Amino acid sequence: MNNRNSNSTFTANFKASAVDSAGVTHYETGHETFHIGFNAVDPGTPIVIVDKMNVTCS
């Protein structure tokens, strides 16, 4: 039997805005990347997990 490692990548983007009490509009943008890898010998247990979120505000 030929076992194979596997991996998956998920990404998400979002934008939000709000107005403060002075009437100024603030904008937020974000991007999240999530990677997960599995070993062929034990595919039920992830061996690598990377989760990174970037958010910018103005």
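The values are calculated or read from the model by the stated rules, or taken from the named source; none is laboratory data. Bear in mind that the values here come from a model prediction, so they are computed numbers and not experimental data. We place every Cβ from the backbone using ideal geometry, glycine too, and count neighbours over all the protein chains shown. Surface areas here come from the heavy atoms of the whole protein model, side chains and all, with no ligands, DNA or RNA. Shrake-Rupley method; radii C 1.70, N 1.55, O 1.52, S 1.80 Å.
On the stretch given as the range 24-46, residues that are open to solvent by 70 Å² or more (accessible area, probe 1.4 Å) and in contact with a Phe, Trp or Tyr (Cβ under 7 Å, 6 or more places away or on another chain) total 0. For the subset of the range 14-37 comprising residues that are among the small types (G, A, S) and without any contact (Cβ under 8 Å) to a residue 12 or more places away in the chain, which member is nearest to V50 (Cα to Cα)? So the residue we want is S17.
At least 1 residues being out of contact with any Ser or Thr (no Cβ under 8 Å at 6 or more places or on another chain) and not small (G, A, S) is the threshold, and among the strands (runs of 3 or more DSSP E) wholly inside the chain those reaching it are 6-19, 46-57.
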